[in-house]
Amino acid sequence: MLTVIIDYESGNLHSAEKAFQRMARETGSGDVIVTDKAETVARADRVVLPGDGAFPACQRALTGHSGLYEAMIEAVETRGRPFLGICVGMQLMARTGHEYEEVPGLGWIDGEVSHISPADPALKVPHMGWNDLVIDTPHPVLDGIATGDHAYFVHSYHMAMHDTAQRLAHVDYGGDVTAIVGAGNKLGFQFHPEKSADAGLRMIANFLRWTP
């Protein structure tokens, strides 16, 4: 089995690569590679889309980078391979992003990406650091994860959901902030699982074993 982490120049992927490779070894889940080759993404058994920075820049980098977007669509939509978006990679799953300008997303999740506006003005944006997950909907990738488990966040924008059935977990940050989304063979984590200690590694392992 081959899991690919897509490299479209969206940030440093070293820590994510090492975490996924470690859990692949521990679960016997085959190989994990970082690649910017469209042909490798198209034949992958699992696809991971990371993302750091602004929604418009990541969207343009993905759609304009050597056929990677088309290869990802081939793997995920045509071949039905499991997909995981991380941070801005999750936000790109939404219908639309509103960071600086209105930009279309992948349309896989019925939501829009907007600025975090905590009800408590003492809460700073970006939302940075550890926060407690609140599980909304059971899912195989959340096996062994419970409400109160911690995840590590760094973001100023979040996905405001239109279809709350697609929200698997959230956190409280002066109001609900979407943490995990899912629909069919597609999942998204707003937090960084590779930086989220045991809970994050557990979710990575679960994704590598997940057969939607």
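The values are calculated or read from the model by the stated rules, or taken from the named source; none is laboratory data. If you're wondering where the values come from, they're calculated on a predicted model, not measured in any experiment. Cβ coordinates were reconstructed from backbone atoms using ideal geometry, including for glycine residues, and neighbour counts include every protein chain displayed. For the accessible areas, the whole protein counts, side chains as well, though only heavy atoms, and no ligand, DNA or RNA atoms are used. Shrake-Rupley method; radii C 1.70, N 1.55, O 1.52, S 1.80 Å.
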> How much of Met1 can a 1.4 Å solvent probe reach, expressed as accessible area in Å² and rounded to 10?
Replying inline: 90 Å²
> Roughly how many Å² is the accessible area per residue of segment 91-134, as a whole number, for a 1.4 Å probe?
Replying inline: 53 Å²
> How much net charge surrounds His170 when only other residues with a Cβ under 9 Å from its Cβ are counted (Lys, Arg +1; Asp, Glu -1)?
Replying inline: -2
>> So with the 1.4 Å probe, I'd like the accessible area per residue for segment 171-212, rounded to whole Å².
In response: 31 Å²
> What number, in percent, do you get for the relative contact order of the chain if the mean sequence gap of Cα pairs under 8 Å and at least 6 apart is divided by its residue count?
Replying inline: 20 percent
> How large is the charge dipole for the chain, taken about the Cα centre, if only the Cβ atoms of Lys, Arg (+1) and Asp, Glu (-1) carry charge, to the nearest 20 debye?
Replying inline: 500 debye
> Near Lys37, which lysines are there with a Cα under 25 Å away, not counting those fewer than 8 places off in the same chain?
Replying inline: Lys18, Lys186
>> Using helices alone, I'd like the mean residue ellipticity at 222 nm for the chain: each DSSP H run of four-plus residues gives -39500 (n - 2.57), total over residue count, nearest 500.
In response: -6500 deg cm²/dmol
>> How many angstrom lie between the Cα centre of segment 146-184 and the Cα centre of segment 1-41?
In response: 24 Å
>> Accessible area of segment 74-212 with a 1.4 Å probe: how many percent of it is carbon plus sulfur?
In response: 48 percent
